[in-house]
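This report refers to the structure that appears directly beneath it.
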Amino acid sequence: MIFLDAGCDEPDSPWVGSLGTGPLLRPVYLDAVLAQAREREPDHPLLAVFLPLLANDRELAEQAPVAWRRLENLTESGSRVLLDVFLSWLMERHKGRTFEEIMRMLQVLTPLEETVAYRQLVGIGNREEARTILRKQLGR
C-alpha cells in the first residue's frame, strides 16, 4: 500500500491487519521514498514531478521553475506525460490562480508589464499611435 506520508496511514483502517504481517501488503510512504531518492540522485528529473505534491509553499515557489525546465528538457518517449502530471498537481495546489499566473510562476510567460511593447504603449498618449504599434507587434 502506498501512502502519501505516514499521517495518511490510519491505524484503524480495514487493511491494517494485513499490513506488515505478510509478504502481500506492507506500507510504503511516498515522502520517505522520495527523500531517499533525493539523497541518492538529487537532480533526477522524476523527483521534479512530485514537487507540487510534497513541497511546502516556499520550496515550491523557489524550485518550480527549475523543476519545470528539467521536465521540459526530457526527450524520452512519454516525457510529456510527466509535464502534464506536474502541471496538474501544481494547478490543483493553486486552485485560486489562473493558468497565466501559474505559467508566470514557472517563469514561462513574461508578465505583460515587463515587455518592451507594453512600455511603448503606455508611454504613448495618442490612441491611434498605440493601435498602430500594437498592430505592428501583433503582425510580427
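No lab work stands behind these numbers, since they all come straight from the coordinates. Bear in mind that the values here come from a model prediction, so they are computed numbers and not experimental data. Here the Cβ is made from the backbone with ideal geometry for all residues, glycine too, and neighbour counts use every protein chain on show.
The table for this structure:
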quantity	calculated
Prolate/oblate/rounded label for the range 69-108 (Cα gyration tensor, a/c 1.5)	oblate
Label-point separation in nm, Glu76 to His44, each point 7 Å along Cα→Cβ	1.0
